[in-house]
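Presented below is the structure to which this report refers.
The values are calculated or read from the model by the stated rules, or taken from the named source; none is laboratory data. Just so you know, these numbers come straight off a predicted model, no measurement behind them. Backbone-built Cβ (ideal geometry, glycine too); neighbour counts: all protein chains shown. Note: areas computed on protein heavy atoms with side chains; ligands, DNA, RNA excluded. Shrake-Rupley method; radii C 1.70, N 1.55, O 1.52, S 1.80 Å.
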Amino acid sequence: MDKDHHQIEPLSNQESEEMWKNVIARIRVQEAKKRKKKHALYSMIMTTAAILIIGGIFIYESYFKPDVYHAKDDITEVVLKDGSQVTLLKGAKLTVDKSFPSDTRDVFLEGNAVFEVSKSKKHPFIVHAGSYEAKVLGTVFKVTQTGTTFNVDLYEGKVQVSNSAKPKESYVIHPKETFSNMGSNRVAIVAPTINTGNKNKNITATLAFTDFYLQDVLKIVEKKYAIKIKFPIDKASSKISILSQEATADELIERISVQLNLTIKKANDNTFELEE
């Protein structure tokens, strides 16, 4: 058999060039198809993500984002879903969860406001203001916040005030009474809302002081009872803790004097002197 019969002729330079051109062209076509599929997949993923984000924002805005009422420039009247009416004084802000009203009707207040709460025996209404809570079933009251001072004036019904820092302590106030912390969470006072200026020894108040300086305690007592108290200057920084339920000025000063081992001298009905 002739050896040259099965010999394959080598490709010419032109044939080799054409072959590689065809191979490269096919590779480029395949790569283009892959890129097109990746782009389509990426576009689908981005479109789906956008839909989910927009849908999530809509759901959050509609079902979860709290309602916020802000009296920026003037008094603002707000009627809540349970019919309760809130008068926000200038600068106040009220935040209400979408779940309102639920088992408890919780609202969150910054600033000052007057509440007229719809009555409910099963669902207490709770105003959260800083570290304090005012809990009611149905009433009209005013919450005032100035710096660290927290006050609740009650006009109608009954309110229970507590401080999250002291969860075991709470104070119930009645119409024409005011709860005040006098600017410190170590102080709690429940006293008549309107001080007529009459120096009446029968005025009573509930006061609680925790580890408080004597000079600061006596300033508060003087203001609440419209009296004057003199005391030894070396006792000014003595710390006292006291809880006095519905006490007259005489009763409260008696408890303070016992705690500091002082004696009481009355110059008149409205002037007290604490002596060593």
Checklist line | 0 to 90° range, to nearest 10: angle between helix 13-59 axis and the chain longest Cα axis | finding: 20
Next item on the list: Provide the three semi-axes, in whole Å and in decreasing order, of the ellipsoid equivalent to segment 176-261 as defined by the square roots of 5 times the Cα gyration tensor eigenvalues.
Entry: 20, 15, 11
Item checked: Carbon + sulfur, % of accessible area of segment 95-202 - ligands and nucleic acids excluded, 1.4 Å -> 49
Check: Among ASP153, ASP97, what's the order by accessible area (1.4 angstrom probe), most exposed first?
Finding: ASP97, ASP153
Notebook entry, point to check: Computed from these coordinates, which is Kirkwood radius over Cα pairs in Å: (i) 24.6; (ii) 20.3; (iii) 19.7?
Noted result: (i)
Next item on the list: Pairs of Cα atoms under 8 Å, at least six residues apart: use those to get the relative contact order of segment 146-244, whole percent.
Entry: 21
Item checked: Degrees between helix 214-225 axis and first principal axis of the chain (Cα, 0 to 90, nearest 10) -> 70
Item checked: Gaussian network model of the chain, Cα within-10 Å springs - most flexible of GLU177, GLU222, GLU133 -> GLU222
Check: For the chain, what does -39500 (n - 2.57) per DSSP helix run (n ≥ 4), summed and divided by total residues, give at 222 nm, in deg cm²/dmol to the nearest 500?
Finding: -9000 deg cm²/dmol
Item checked: Accessible area in square angstrom per residue, segment 163-276, 1.4 angstrom probe -> 54
Item checked: Total formal charge among the other residues, if their Cβ is under 12 angstrom from that of ILE126, Lys/Arg +1 and Asp/Glu -1 -> -2
Next item on the list: Report the residue, chosen from VAL29, VAL258, VAL140, that carries the largest GNM mean-square fluctuation when the chain is represented by alpha-carbon nodes joined by springs under 10 Å.
Entry: VAL29
Check: List the lysines whose alpha-carbon lies under 18 Å from that of LYS158, not counting same-chain residues fewer than 8 positions away?
Finding: LYS119, LYS121, LYS122, LYS135, LYS142, LYS176
Margin query: If you take every residue apart from LYS90 with its C-beta less than 9 Å away from the C-beta of LYS90, what net charge results, scoring Lys and Arg +1 and Asp and Glu -1?
Written below: -1
